[in-house]
Structure formats: structure tokens, C-alpha cells
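I have placed the structure first, in the form of C-alpha cells, so that the comments after it can refer back to it.
Derivation of every value follows stated rules applied to the coordinates shown; laboratory data play no part. Model, not experiment: these values are computed from the prediction. Heads up, the Cβs are rebuilt from the backbone with ideal geometry, glycines too, and the neighbour counts pull from every protein chain shown.
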Amino acid sequence: MAHTTPAGPAVSAGPAPAGRSKRRAGTGRRWLEIAVFAGPALIVFVTFVIVPVILAAVYSFFNWNGLTPLERFIGFDNYIEAFNDPDFLQAIGNNFTIVIASILIQGPLAIAAALLLNRKLRGRAFIRAAIFVPYVLAEVIAGLSWNLLLSPNGFVNALLEMVGLEEWAQPWLANPDIALWVMFWILTWKYLGFAILIMLAGLQGVPEELHEAAAIDGAGWWKAQWYVTLPLLGPTIRIWVFLSIIGSLQLFDMVWVTTRGGPLNATNTMAVYMIVNGQTRPGYGSAIAVILFLISLTVALVYQRLAMRRDLGGAITRGVR
Amino acid sequence: MAATTTAAPAVAKRRINWSSPLIYAVAYLVVVVSVVPVLYVWLNGFRSNADINANPAGWPNPWYFQNYLTVLGSDRFWGSLASSIIVAVGTTLGVAVLGIMAAFVIAKYDFRGRQGLYAVFAAGLMFPLTVASLPLNLLIRNLGLHGSFLGVIIPQIAFALPTTIIILVPFLRAIPDELEEAAAIDGASRIGFFWRILLPLSMPGLITVGVLAFIGSWNAYLLPLLIMAAGGMPQNLWTLPLGVTQFATQYSQDTGAVLAYTSLAMLPALLFFIAAEKRIVGGLTGAVKG
């Protein structure tokens with residue numbers, strides 16, 4: 001989900017390159033070079049990212065089926081309709097349930113696992129690779145696999161029967177009471193390894209000496225983790241929370257291939273609702289897209305204001321070193 | 001986990017006890033949970049439908065190869081594989097070429113609008129493809145690219161550009177200006193400097209960016225769904241994620257074949273991951289750590 005990371009507010013290309021003044025001669029050629037080098041990327045980017053986003057905002061004010069001319073302007077009616085549709089409200093609720101559950105359940109699990117795994121273990125490379133496997137799979141393929149595992153006559157139910165818990169067996173993804181939590185389990189399976197690896201990477205930045213100092217001061221292992229390691233892991237945790245929130249709000253592929261938002265909207269999300277309605281009514285679907293964007297943006301900005309002020313300047317913009 | 005609490009005070013003096021069986025238990029529990037579903041799909045591809053229906057949690061008995069042979073003998077699997085490769089390679093090359101060129105200008109030229117140019121690309125991070133998908137779909141249709149490879153590749157390039165440029169610009173900036181001055185003294189033009197010095201030096205950054213773009217494209221679903229499936233492209237040219245879902249819907253009764261197709265569809269990503277593990281993990285953690 002890293003490719004959908006919204007930017008921090010203050011991104012900068014850095015100070016101007018130095019020592020270039022002597023080549024100021026031949027300005028025309030310089031601008032030509034700039035145009036030739038940056039032009040193609042800029043054209044592709046503006047045409048296929050910026051223009052569609054602006055079009056979505058425009059379409060959202062029209063009653064439009066995508067085929068006839070764009071002429072039935074209806075103001076905010078699409079937005080009003082969306083917020084009066086219980087299905088859409090439930091989709092928003094489901095998105096936020098996943099956001100909160102991810103932070104409260106996946107986060108602590110990942111941190112605990114990373115703290116335990118952050119040491120010399122035999123087969124460490126193998127362990128790391130293995131827990132990363134679900135993350136590498138396409139969401140679609142992971143979803144299909146779990147569809148098969150969780151089907152009424154699938155592996156999970158058969159396993160429950162084998163250990164004598166057959167009364168627990170059920171059509172997991174077809175039971176509206178639990179489908180959202182089953183979906184959450186699949187997402188946890190898919191993304192926990194990523195969270196653990198990010199936390200492990202963050203722990204690499206915690207100097208070993210600090211642990212030694214804490215140990216000399218008489219702190220036990222748990223105390224050292226709580227008072228020394230966790231605060232230093234803060235930036236990593238905050239970035240992970242951020243990525244997790246954005247990913248959860250945009251959730252589409254996994255739901256689409258497993259349940260299409262069913263049963264009875266139990267697993268519906270904003271993006272699924274948008275595609276279902278937007279195929280025949282691009283105007284209405286675009287209003288959903290704008291709402292989805294504004295919710296993501298608001299949550300991202302609020303979160304950055306509250307939690308990430310100090311981290312973000314370098315974390316996303318500085319890139320790979 | 002509670003057990004370590006009691007052991008902790010004694011352990012802390014020697015830092016950490018390396019051999020605690022509990023640690024291994026936790027580690028391998030996570031490993032088992034991560035890997036078993038994948039193994040299940042793989043193994044059960046080797047079972048006949050009758051065998052699977054008799055006991056969904058059983059071991060292949062006897063080993064049955066027909067599912068894999070059927071999938072491997074079908075046009076649509078190879079077509080999907082080729083399609084995924086075409087789209088992913090096209091996206092990766094496009095992003096790398098356009099990205100490094102734009103990043104070069106932003107990092108190494110001093111001109112009015114430089115910050116603005118960078119900000120435009122950085123702003124792209126705020127617009128996920130989901131939000132733009134419906135108008136993008138219509139735009140692609142109007143350009144006559146519906147149902148074509150380019151209809152998927154070009155938008156994917158566009159949406160991968162922000163990450164690419166944001167990773168590459170600091171990378172290029174870190175290349176010392178003295179190198180350029182030295183090149184100039186030796187008579188190299190700026191373009192010559194770009195080709196002969198900057199490009200080779202920025203390979204590690206390009207590879208990271210390329211791997212990220214490749215994986216993004218390989219796993220992409222929404223755009224192929226809108227452009228290929230809805231655009232009337234023949235099914236045997238759909239990318240793997242799209243092809244495998246279509247296969248699963250179409251042959252939902254043939255569980256064994258679906259399992260075999262799904263596990264074969266996983267294989268390229270897993271092999272690619274094994275080959276590029278360092279880059280992927282490094283790229284992710286680098287981008288997060290800062």
C-alpha cells in the first residue's frame with residue numbers, strides 16, 4: 001500500500017544546486033534541456049493523474065451516465081444522495097472499523113513480534129523471508145486463497161472438525177455477523193509481516209549501547225523495551241500507523257475478490273461502493289471518489305498535525321539511503 | 001510472553017538470552033501462520049476434486065498432477081503471464097526513464113519553478129489511483145486505449161512517478177557537483193554528464209524504484225479490471241490477478257484447477273521476491289526509516 005502514501009505538507013526539493021552560475025550562458029539551450037528532460041514526465045503525470053482527479057471533482061456535480069453530453073448539473077445532489085444512502089454510511093463505518101482495528105490489534109502484535117525477533121536467531125533470514133511471503137502476494141491472489149480456505153467445505157472448517165470443534169464450522173465470509181472480522185483477519189494475515197519488518201528496521205536504529213546503559217541502571221528487559229526502545233521506535237510506529245490508515249481507507253482489491261462487499265453490505269467499503277455504482281453512474285461514483293479523497297486527506301492531515309509533525313520532514317522525502 | 005517477564009531480571013544483565021525456546025515458538029508460530037495458507041493452496045493443487053471433497057484438510061493421496069498440467073497446457077495461463085510481464089516491464093521502464101530524467105532536472109538544474117515542479121509531482125502522492133479511476137477509465141476510452149496494454153501501462157507510469165521522483169531527487173542530489181565540474185573540464189556536456197556519470201551512479205536508486213514499480217504493476221487489479229476486462233480485451237490477455245479471478249469464477253466447481261491456477265499465479269511473485277528480497281525490504285525500510 002506504500003504507493004498510495006499521501007505527501008507530507010512541506011515537501012521541498014532542497015536548496016538550489018550550487019556552483020552553476022558560470023554556465024548561465026546559453027539560457028535558451030538550458031531551457032530546452034529542462035523541457036526535454038522534465039517535459040515527458042510532466043505531460044504524462046498531468047494528463048493521467050491531475051486531469052482525472054479534476055474531472056472527478058467536475059463530474060461529481062452532474063447527473064451523468066458517462067455516455068450522454070455532460071449537461072445535467074445538479075449541484076450537491078450526488079453528495080446528498082450518498083450521505084442519505086445507508087449502504088454508503090455502512091461502508092464508511094466498515095472502513096473506519098478496519099482502520100481502528102488495524103491500529104489497535106495489528107500494531108501491538110507487530111511491535112511485540114519485532115521486539116522478540118530483534119536478536120540473533122538461528123534461521124533469522126528464513127524467518128524474515130517467510131513472514132514476508134503474504135505481503136509479496138497480490139491482494140487478489142491472497143483473497144482468492146482465503147476464499148478457498150474459508151469456503152463452507154474448505155480447509156478451515158475441515159480442520160475444526162478434525163479437532164472436534166465442528167460446531168464452530170461455518171460459512172465464514174457468508175455470515176454477515178462475522179464477515180467483517182474475517183476480512184480483518186485476512187488483511188492481518190496479509191499485512192502483519194510488512195508491519196513486523198518495518199518495526200524491525202526501526203529497531204535497527206536503536207543503538208545497542210542504550211540497552212546496555214539501561215541494563216546497568218538496573219532496568220529489566222521489559223522496562224528497557226518500554227522506556228528505551230519504544231520511544232525510539234516512535235517515528236517508525238507513527239509512519240506505519242499512517243500507511244495503515246491510508247491503506248484501510250482505500251481498501252478495494254481484497255474485498256472485491258472475496259465478497260464484493262457482501263453479505264448484506266457487511267464488508268462493503270467506500271471504494272467498492274464507488275466502483276459498483278460508478279460503472280453506470282460516473283457522476284455519482286465521482287462524488288463518492290471525492291468523498292473518499294476528502295476523508296483520506298482530512299484523516300491524513302489531522303494525523304500528521306497530531307502525531308507526525310516532527311517525523312515527516314525527513315521520513316518520506318529523504319527517501320532511500 | 002508472560003514467561004519471559006519472570007526470566008527478565010536475570011537475563012537483562014547478559015542483555016538477552018539468545019536461545020529462549022519461547023522466542024523460537026513465537027517466531028515459528030508467525031512463520032507457520034504466514035506460510036500454511038500458501039502451502040495449502042500449493043499442495044491441494046496436487047489433488048483430484050474427489051480427493052479434496054472427501055477431506056479438504058488431507059494430504060495429496062495419491063499425488064495428482066492433472067490440475068497443474070491442465071493449467072500449464074492452457075493458453076490463458078501463458079497469455080496472462082505474458083500480459084503481466086509486458087505491463088510490468090513497460091511500466092517499470094517507463095517510470096525509470098521518465099522519472100530519472102525529471103529527477104535529473106529537479107536535482108541538478110537551477111531554474112525558476114524548480115520547487116514548483118517538484119511540488120507538483122509530490123502532490124501526486126495524495127491522489128491514489130482509486131480516486132481517479134472512473135474519469136481515468138473514461139479518458140482512456142476516449143483516447144482509444146481501452147482494452148490495450150498501453151491503456152494500463154501509461155496510467156500506471158503516471159501514478160508511479162511521484163514515489164519515483166521523490167526517491168530519486170535526493171539520490172541524485174547526493175552525487176557531488178564536483179563530479180560534474182570535473183566532467184565539464186574534461187569536455188563533457190551536461191547530457192554527456194547525465195549519460196556517462198549520473199546514470200551509472202544512480203543505478204542503486206533506479207533499481208529500488210524499478211522494483212517498487214514492478215511489484216505495484218504485477219499486483220495491480222483495479223486498473224486492469226477497468227481497462228482490460230471492461231475494455232473488451234480477450235480473456236487470455238488479461239494480467240494474472242485479473243485472469244486468476246476470472247478463472248476462479250468460471251471454474252468455481254473445479255476446485256483443484258482453481259488451486260493449481262492460483263498457486264501458479266503466485267509463483268512469479270515469489271521467485272521475484274526471492275531474487276530481489278534485499279532490494280524490496282531495503283526499499284521499504286529505507287523509505288520508512290529516512
* Looking only at B:VAL35, B:VAL26, B:VAL244, which one moves most when chain B is put into a Gaussian network model with springs between Cα atoms under 10 Å? -> B:VAL26
* Just counting partner chain Cβ atoms within 10 Å, what average do the residues of peptide A:195-202 show around their Cβ? -> 3
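Please tell me the relative contact order of chain B in percent, rounded to the nearest whole number, where contacts are Cα pairs under 8 Å and at least six residues apart. Provide the component values of the computation, followed by the final result.
Details: 273 pairs, mean separation 84.2, N = 290.
After rounding, I find 29 percent.
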* Asked: Expressed as a whole number of Å, what is the distance separating the alpha-carbon centroids of the range B:208-258 and the range A:90-146?
  -> 23
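How well do other chains shield peptide A:98-104, expressed as the mean number of their Cβ atoms within 10 Å of each residue Cβ? Intermediate results must be reported in sequence, preceding the final value.
Values: counts 0, 0, 0, 0, 0, 0, 0.
So the per-residue partner count for this stretch is 0.
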* Given springs between every Cα pair under 10 Å in a Gaussian network model of chain A, which of A:THR258, A:THR267, A:THR27 has the largest fluctuation? -> A:THR27
* Structure fact -> Comparing B:LEU150, B:LEU29, B:LEU201 in a Gaussian network model of chain B (Cα, 10 Å), the one with the largest mean-square fluctuation is B:LEU29
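Would you kindly calculate the translational diffusion coefficient of chain A, applying Stokes-Einstein with the Kirkwood radius from alpha carbon pairs, for 37 °C and a viscosity of 0.692 mPa s, and quote it in µm² s⁻¹ without decimals? Walk me through the numbers before you get to the answer.
Numbers: Rh = 23.2 Å.
Value of D from the Cα-based Kirkwood radius: 141 µm²/s.
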* Asked: Reachable aspartates and glutamates from B:LYS108, Cα under 20 Å, same-chain residues fewer than 8 places away excluded?
  -> A:GLU33, B:ASP177, B:GLU178, B:GLU180, B:GLU181, B:ASP186
* Leaving out same-chain residues fewer than 8 places away, which aspartates and glutamates sit with a Cα under 20 Å from that of A:LYS190? -> A:GLU139, A:ASP253, B:GLU277
* To do: Convert each backbone phi in the range B:43-51 into a coupling constant with the Karplus relation 6.51 cos²θ - 1.76 cosθ + 1.60 (shift: θ = phi - 60°), then list the ³J(HN,Hα) values in order as whole Hz, x for Gly and Pro.
  => 5, 6, x, 8, 10, 6, 4, 4, 4
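Mind checking A:286-293 for the average number of partner chain beta-carbons within 10 Å of each residue's beta-carbon?
Values: counts 6, 0, 2, 7, 1, 1, 3, 6.
So the per-residue partner count for this stretch is 3.
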* To do: At most 13 other Cβ atoms within 10 Å plus a DSSP loop assignment makes a site exposed; report the longest stretch of chain B without any exposed trypsin sites (Lys or Arg not before Pro).
  => B:113-290
* Structure fact -> The alpha-carbon center of the range A:241-307 and that of the range A:177-225 are separated, in whole Å, by 28
* So for the pair B:GLN235, B:VAL36, with labels modelled 7 Å out along Cα→Cβ, what separation do we get in nm? -> 3.4
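Applying 1/(1 + (r/R0)^6) with R0 = 30 Å to the Cβ-Cβ distance of B:ILE191 and A:VAL46, what FRET efficiency is obtained, to the nearest 0.05? Spell out each step's value before the answer.
Values: r = 25 Å, r/R0 = 0.82.
According to the calculation, E is roughly 0.75.
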* To do: Once you have a ≥ b ≥ c as the square roots of the Cα gyration tensor eigenvalues for the range B:74-289, tell me rounded if a/c is under 1.5, and otherwise prolate or oblate according to whether a/b is larger than b/c.
  => prolate
* Structure fact -> Here D for the protein assembly as shown, in µm²/s, from Stokes-Einstein with a Kirkwood Rh over Cα pairs at 10 °C and 1.306 mPa s, works out to 61
* Cα-Cα separations in the range B:89-147 greater than 15 Å, expressed as whole percent -> 67
* **Projected-area mean, the range B:201-280, by convex hull of Cα positions, square nanometres** => 6.3
* Would you grab the residues whose amide H sits under 5 Å from the one on A:PHE62? Only those 5+ places off in sequence or on another chain, please, with H modelled 1.01 Å from N. => A:ILE74
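Given DSSP loops and a limit of at most 14 other Cβ atoms within 10 Å, what is the longest stretch of chain B that contains no such chymotrypsin sites (Phe, Trp or Tyr not before Pro)? Before the final figure, lay out the partial values.
Numbers: sites that count: B:TRP18, B:TRP63, B:PHE65, B:TYR251.
Excluding the exposed sites themselves, the longest stretch runs over B:66-250.
Against the 2.2 N^0.38 Å scaling, with N counting residues, where does the range A:228-309 land? I'd like the Cα-based Rg ratio to two decimal places. Mind dumping the intermediate values first?
On the way: Rg = 16.0 Å, N = 82, 2.2 N^0.38 = 11.7 Å.
Here the answer is 1.36, to two decimals.
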